[in-house]
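Working notes, beginning with the structure itself.
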């Protein structure tokens, strides 16, 4: 039997996440496609929003494929033979995506609780929404044992935001908040999906292009999170994040180039 790993408060003190070269790469990617360009284009918001919602649900074990997800979001049509909770998870993710896209959210404890309230609708008991859990939680596929005390969870969450407020670089802050919210498991459920939206709150608040998880890399996401739970090492998640981030930005850059080519073609 594998050795069980208990919560390590020292993880919250590690704020040195990205190397200078990695930061340079992320900043160069943002020069290729700016957040403003993304937000000014409704087709980008809709297309990549579908990807964000579908893949985020897929990470949580949702059984809806992308076409089912699109039909549900656009027409309210549920997929036959699927669980109601799968549809509700997707609709909650849609509502959270719409809010962080349209509103100027700040990476704060209040924002975290507001987003969890949306994401956890009908996922947990009403009195467990936006509040710390008061019992043990088991992490599937992992030997990590999170804190069980409501008071300690509250203390650690306050400390997490106290430290994150001191982090200057937005990419460091984004991963710090995401990984440690997922690690803390503050809520009874919906922790990782709330953490992914909070990651994007940090990026958008600092005018950086948002992160869209890739449905082909779900296993890499899960492996990298388990690695962080058990070691406190960001390396696997950084590799996963760069791959996903680069893929979306290069896809948008390719769309932009094809539009320019079309315009030039018509001028000939």
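Since every read-out is calculated from the coordinates, none of them should be taken as a lab result. It should be emphasised that the depicted structure is a prediction, and the values quoted were computed from it without experimental measurement. Neighbour counts are summed over all protein chains in view; Cβ atoms, including those assigned to glycine, are modelled from backbone coordinates with ideal geometry.
One table, with the values for the structure above:
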item	result
Euclidean distance between Cα centres, segment 229-260 to segment 156-194, Å	20
Sites residue 31 and residue 256 - FRET efficiency at Förster radius 22 Å, r taken between beta-carbons, to 0.05	0.95
Segment residue 154-residue 66, length gained on full extension (0.36 nm per residue, minus Cα span)	28.0 nm
Gyration tensor (Cα) of the chain, equivalent ellipsoid semi-axes in angstrom	31, 23, 17
Computed over segment 1-153: relative contact order in percent, which uses C-alpha pairs under 8 Å that are six or more apart	24
Segments 82-94, 161-173 sorted - mean Cβ within 10 Å per residue, highest first	82-94, 161-173
Centre separation in Å (Cα based) which lies between segment 195-217 and segment 52-82	20
Residue 16-residue 145 FRET efficiency (beta carbon distance; Förster radius 30 Å; 0.05 resolution)	0.70
Average silhouette area of segment 102-142, convex hull of alpha-carbon atoms, in square nanometres	4.4
Stokes-Einstein translational diffusion, segment 1-120 - Kirkwood Rh over all Cα pairs, 0.890 mPa s, 25 °C, in µm²/s	142
Gained length - residue 85 relative to residue 114, 0.36 nm times residue gap less alpha-carbon distance	8.4 nm
Helix-only CD estimate at 222 nm, as mean residue ellipticity for the chain, using -39500 (n - 2.57) per DSSP H run (n ≥ 4)	-20500 deg cm²/dmol
Mean separation of Cα contacts under 8 Å, 6 or more apart, over the residue count of segment 28-260: relative contact order %	24
Rough spin-label spacing in nm, given labels placed 7 Å along Cα→Cβ, for residue 46 and residue 102	1.5
Packing-based order for 99-112, 183-196, using average beta carbon neighbours within 10 Å, highest first	183-196, 99-112
